[in-house]
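Have a look at the structure below, then the notes.
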Amino acid sequence: MLSSRLSVRTLSFVAALFLVAPSLYAKTCELVLQGNDQMKYDKKELVIPKDCSDVKLVFKHVGKMPKAVMGHNVVIAKTTDISGIRTDAMNPKKAKDYIPQNDKRILAHTKLIGGGESDTVTFKKSAYKPGGDYSFFCSFPGHAGMMTGKLVVK
Ligand SMILES: [Cu+2]
């Protein structure tokens with residue numbers, strides 16, 4: 001009698017876990033972006049779906065030109081912070097590979113890559129406000145004018 005009561009209690013506990021589980025479930029959403037030798041990304045917009053807990057950004061340089069000539073990266077920040085980051089990216093005292101170091105305005109970034117290379121970065125969606133104004137761009141000198149897009153957070 002005691003054991004059957006226990007098992008009913010255990011069963012309802014397990015059932016409750018199943019009900020709670022979906023909201024605790026970590027989901028990594030994958031975004032894929034390409035850059036090429038024509039100084040262009042293949043997308044003008046990246047969208048982070050609502051139900052992701054983590055975001056994995058896969059960035060591929062599909063060109064052939066070396067990093068020193070046609071290097072690309074992806075830097076994500078609030079749109080209002082981009083002009084300041086671009087300025088600091090050009091300052092060799094502050095930046096390494098055109099990424100300002102220890103810069104809290106940069107929410108995520110890949111490394112700088114050349115043709116045929118790729119880089120992946122994973123970050124938490126919780127750092128972004130749904131509906132916020134975010135952009136991604138390439139911080140290689142002279143590229144951001146062509147290589148900028150909007151990051152939409154659902
Ligand atoms: Cu670039």
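Below are the figures for this structure:
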quantity: Among the residues listed as Lys129, Lys154, the single one being of a type in the set (Lys, Arg) and in contact with a Cys (Cβ under 9 Å, 6 or more places away or on another chain); calculated: Lys154
quantity: Neighbours by Cβ (under 9 Å, 6+ apart or cross-chain): first from region 121-134, on the phi > 0 side of the Ramachandran plot; second not in a loop (DSSP other than H, G, I, E, B); calculated: Gly131/Val152; Gly131/Val153
quantity: Lys111 vs. criteria touching a Gly at 6+ places or on another chain (Cβ under 7 Å), surrounded by 15 or more Cβ atoms within 10 Å (Cβ to Cβ), farther than 13 Å from Met147 by Cβ and at pLDDT 95 or above; calculated: no
quantity: Checking Ile99 against (1) within 14 Å of the ligand (Cβ to nearest atom); (2) aliphatic (A, V, I, L, M); (3) under 18 Å from Leu31 (Cα atoms), the condition it does not meet; calculated: (3)
quantity: Residue identified as surrounded by 19 or more Cβ atoms within 10 Å (Cβ to Cβ), under 17 Å from Ile48 (Cβ atoms) and among the hydrophobic types (A, V, I, L, M, F, W, C) among Phe123, Phe140, Phe136; calculated: Phe136
quantity: Selection from region 44-90 of residues that are touching a helix residue (DSSP H, G or I) at 6+ places or on another chain (Cβ under 8 Å), of a type outside the set (A, V, I, L, M, F, W, C) and under 16 Å from Cys29 (Cβ atoms); calculated: Ser53, Asp54
quantity: Within region 59-95, tally of residues that are away from the ligand (no atom under 16 Å from the Cβ) and within 21 Å of Thr120 (Cα to Cα); calculated: 1
quantity: When residues of region 144-154 are limited to those that are in a strand (DSSP E or B) and out of contact with any Gly (no Cβ under 8 Å at 6 or more places or on another chain), the one farthest from Ile85 (Cα to Cα); calculated: Val152
quantity: Filter pass, Ser53 being away from the ligand (no atom under 16 Å from the Cβ), among the polar types (S, T, N, Q), closer than 22 Å to Thr122 by Cα and modelled with pLDDT of 95 or more; calculated: yes
quantity: Hits in region 28-43 (condition: surrounded by 14 or more Cβ atoms within 10 Å (Cβ to Cβ), away from the ligand (no atom under 13 Å from the Cβ) and not aliphatic (A, V, I, L, M)); calculated: Cys29, Lys43
quantity: Some residue of region 99-115 being farther than 21 Å from Tyr41 by Cα and touching a residue at least 60 places away in the same chain (Cβ under 8 Å); calculated: no
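The values are calculated or read from the model by the stated rules, or taken from the named source; none is laboratory data. Because the structure is predicted, anything quoted here is derived from the model rather than measured. Positions of Cβ are generated from backbone atoms using ideal geometry, with glycine treated the same way; all protein chains shown enter the neighbour counts.
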